[in-house]
Amino acid sequence: SDRKYDPYRPTSFDQITKDAKEFCQELMPKPEEETRKLALLQKLSDITVEVFGEAEVLPFGSSGNGLALANADMDVCVFLNPKNGSEEVSPVEFVERIGDRLEKDPDFENILQLKRARVPIVKLNHVNGIACDIGYQNDLAIWNTRLLRAYCRIDERVRDMVVIIKIWAKRRKINNPYTGSLSSYAYVLLVIHVLQRRGVLPNLQTIVAGNGKVPFWDCQGFNRYFFEDIANLSRYWQPTPESQRQSIGELLYEFFRYYASEFRYANHVEDTEQAQSAPAADSKPVVKNRYLFCIEDPFELNHNVGRPVDRYS
Ligand code: ATP
Ligand code: MG
């Protein structure tokens, strides 16, 4: 379909590729920022242990998957361990108690307790300049972070593409699920889908060592299995020679071409698990809830990551 005449197709992709690469380099977080994030992580960990007893505080999202831009927020998730003597609390109680404790610390500002969100969190800013979201016992978030990190390790074009698309979405002000547009996570899934269609990436959720059956590894009732042994991936999957030649410029063009003119929003569902878009007839949630943009979460199959999108955005 992309052989058809297209007045927007650039005549040279080289300049786009060159500019995009320079841009990505500039937007990499500096080591100094990493140091500030680590210090904040340690502080949050100390406070959590003080409030609840035994606890683990893990980074996820872009701080955990290598897809952070400079000045990105830090997402962290707290895991309490009642077996080792910590308390057992509900997500809402967690948000309240950690939120109230952080209020007392002058190092934290703009503390928001989002108790009614789908996933309750505390949002805050640390005086060292880092914005942070604190979630609770969200195993799936840790696993989807690991899945995205695995995709990044397969091909360095993944990070470049994600960085450019994220920065584009931020500048166009269409990167905020609270105001009717997509989260960064959603954009990353859109990028992976396009790269899978182009043969740059495989579907890690269907590759099994020894080519056996896909196992079921339970996580909150969903299958969190994916092939994570990227060093040995070439035994089971190879990129097509054509896909290896695609430059960032060409892939970026493909991203916009696909979502502008091929993806049928009314009856396609975005699905990184099955690289081909499936007609809506196969996916009841699309029809039932009249979602405008359907992006299937790779693990939580009944969760539409595109749900926040409103008609305007
Ligand atoms: P940024 O650098 O812009 O903050 P990010 O890569 O951290 O981007 P976020 O949108 O902040 O992406 O999401 C962070 C993590 O939160 C994701 O990796 C994912 O684990 C989880 N997450 C975010 N939005 C959703 C969602 N709609 N459904 C499921 N998980 C989500
Ligand atoms: Mg984030």
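The values are calculated or read from the model by the stated rules, or taken from the named source; none is laboratory data. Worth saying up front: this structure is predicted, and the values here are computed from it rather than measured. Positions of Cβ are backbone-derived with ideal geometry, glycine not excepted, and every protein chain shown enters the neighbour counts.
Being free of Cβ contacts under 8 Å to residues at least 40 places away in the same chain and more than 26 Å from the chain's Cα centre (by Cα) is the filter here; which residues of region 99-116 pass it?
Asp100, Glu103, Lys104, Pro106
Say we look at region 51-71 and pick out the residues that are surrounded by 20 or more Cβ atoms within 10 Å (Cβ to Cβ) and away from ligand 1 (no atom under 16 Å from the Cβ); which of these is nearest to Glu103 (Cα to Cα)?
Phe52
Against the conditions (1) within 19 Å of the chain's Cα centre (by Cα); (2) farther than 17 Å from Cys152 by Cβ, where does Phe226 fall short? Just the number, please.
For Phe226, the exception is condition (2).
Can you tell me which residues in region 120-137 are away from ligand 2 (no atom under 13 Å from the Cβ) and under 21 Å from Ala186 (Cβ atoms)? Give the steps one after another, and end with the answer.
Step one: of region 120-137, the residues away from ligand 2 (no atom under 13 Å from the Cβ) are 120, 122, 124-129, 136-137.
Pro120 - this is the single residue of region 120-137 that is away from ligand 2 (no atom under 13 Å from the Cβ) and under 21 Å from Ala186 (Cβ atoms).
Answer with yes or no whether Glu33 is exposed (fewer than 13 other Cβ atoms within 10 Å of the Cβ), at pLDDT 90 or above and more than 17 Å from Phe255 (Cβ to Cβ).
Considered against the rule, which asks whether it is exposed (fewer than 13 other Cβ atoms within 10 Å of the Cβ), at pLDDT 90 or above and more than 17 Å from Phe255 (Cβ to Cβ), Glu33 comes out as no.
Among the residues of region 72-91, is any assigned to a helix (DSSP H, G or I), of a type outside the set (Lys, Arg) and surrounded by 13 or more Cβ atoms within 10 Å (Cβ to Cβ)?
yes
Matching residues to (1) part of a helix (DSSP H, G or I); (2) out of contact with any helix residue (DSSP H, G or I) (no Cβ under 7 Å at 6 or more places or on another chain); (3) within 30 Å of Tyr151 (Cβ to Cβ); (4) small (Gly, Ala, Ser):
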site	(1), (2), (3), (4)
Gln25	yes, yes, yes, no
Pro29	no, yes, yes, no
Arg36	yes, yes, yes, no
Arg101	yes, no, no, no
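Looking only at region 171-210, filter to residues that are assigned to a loop (DSSP other than H, G, I, E, B), among the β-branched types (Val, Ile, Thr) and surrounded by fewer than 22 Cβ atoms within 10 Å (Cβ to Cβ); which one of those is nearest to ligand 2 (Cβ to nearest atom)?
Ile174
Output the residues belonging to region 166-177 that are more than 11 Å from ligand 1 (Cβ to nearest atom) and either in contact with a helix residue (DSSP H, G or I) (Cβ under 7 Å, 6 or more places away or on another chain) or over 19 Å from Glu250 (Cβ atoms) (or both).
Selection gives Arg171, Arg172, Lys173, Ile174.
Select from region 70-98 the residues that are more than 22 Å from Ile142 (Cα to Cα) and either within 16 Å of ligand 2 (Cβ to nearest atom) or free of Cβ contacts under 8 Å to residues at least 40 places away in the same chain (or both) and write down the one among them that is farthest from the chain's Cα centre (by Cα).
Gly85
Yes/no per residue for (1) part of a helix (DSSP H, G or I); (2) of a type in the set (A, V, I, L, M, F, W, C); (3) farther than 16 Å from Asp75 by Cα; (4) in the same structural domain as Pro59 (by TED's automatic domain parsing):
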| site | (1), (2), (3), (4) |
| --- | --- |
| Ile98 | yes, yes, no, yes |
| Val119 | no, yes, no, yes |
| Asn125 | no, no, no, yes |
| Asp133 | no, no, no, yes |
